[in-house]
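Take a look at the structure set out below.
Taken together, the values in this text are just the output of simple stated rules run on the coordinates, not laboratory data. In this text, all values refer to a predicted model and were calculated from it rather than measured experimentally. Please note: Cβ atoms are built from the backbone with ideal geometry, for glycine as well, and neighbour counts cover all protein chains shown.
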Amino acid sequence: MSIRCLQRPEMPRGGLFFRAPPRVIGHRGAMAKAPENTLASFRRAAKDGSRWIELDVHLTSDGIPIVFHDDELDRTSDGSGPLSAITLAELQRLDAGTWFNPEFAGARIPTLAEAVALSDELGLKMNVEIKPSPGASVATAEAVVELIKTTSRTPQNILFSSFEIDALAAIQRAGQHWPRGLLLDDLHLGWRDEASQLGCSSVHPQHGTLTSADVVLDICETGLAIFTFTVNNPARAKQLLDWGVDAVITDDPAAILAVI
């Protein structure tokens, strides 16, 4: 028997932003099928039926928000060294596709502005994770909010998330209307207080921490929406959604959508 979290229909968990829970969010786009955090990956997620994407944002050395996961360039590009030491112009000369598959040769590391424009074009909602280089939590959050304010045609479709308390606090100071989600590697003592103090709409726990329907129900009772990462097993995704999780973040949206 599935156990669903109870909620008042006039006010969904997490507030009005989550009136229609996403169910499936493409992790860094559709990174099982295209190089992560590239425009090609976001297009693939949309093609595969995902209406939400998750992406990561860092700052270049000249303060431009770009879409990238790691602190170092080596794993997902032909560059090397810390991302925070490279300018946007230098970054745009790198290849971010060949490492995944030669068919993606020439793919670039996109700016956040390019990702926002594409999501507007495709009608996608975005979970923008603030993934700062060391010491840059506040600067990254502030730059991201300013860019969203000035470039997005649909800022109401954007959710910010982070493991970094300072980053979420900076977004909170920028305006109470920006939805925020607290990322959690574990359900540590005090996470509820952190989410409350930051005015979060959602919590994003690592899916291994959700060990039973009772654990999910306990989170539901806080009134927070639950987005869990990273779920690539379709049976596990269905179990979590049956327990009441609002969305699973997955590398392969098509595989999960096929079973739900």
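Residue exposure proxy: Asp95, Asp214, ordered by other Cβ atoms within 10 angstrom of their Cβ from fewest to most, comes out as Asp214, Asp95.
Farthest towards the positive end of the charge dipole of the stretch 110-194, among the residues Leu184, Thr140, Ala174, is the Cα of Ala174, using unit charges on the Cβ of Lys, Arg, Asp and Glu. Between amide H atoms placed 1.01 Å from N, distances below 5 Å from Thr98 occur with Gly106, Ala107, all of them 5 or more places distant or on a separate chain. Between 0 and 90 degrees, the angle of helix 234-243 with respect to the longest Cα principal axis of the chain falls at about 50 degrees.
Tell me, what is the percent relative contact order of the stretch 16-257, built from C-alpha pairs under 8 Å that lie six or more residues apart? Walk me through the numbers before you get to the answer.
Working: 513 pairs, mean separation 48.8, N = 242.
Relative contact order, the stretch 16-257: 20 percent.
Rounded to the nearest 20 Debye, what is the dipole magnitude of the chain about its Cα centre when Lys and Arg each give +1 and Asp and Glu each give -1 at the C-beta? All intermediate terms of the calculation are to be shown ahead of the outcome.
Details: 23 positive and 33 negative charges, 209 e Å.
About 1000 debye.
As a rough footprinting exposure proxy, the listed residues Thr250, Thr150 were ranked by other beta carbons within 10 Å of their own, and the order from fewest upward is Thr150, Thr250.
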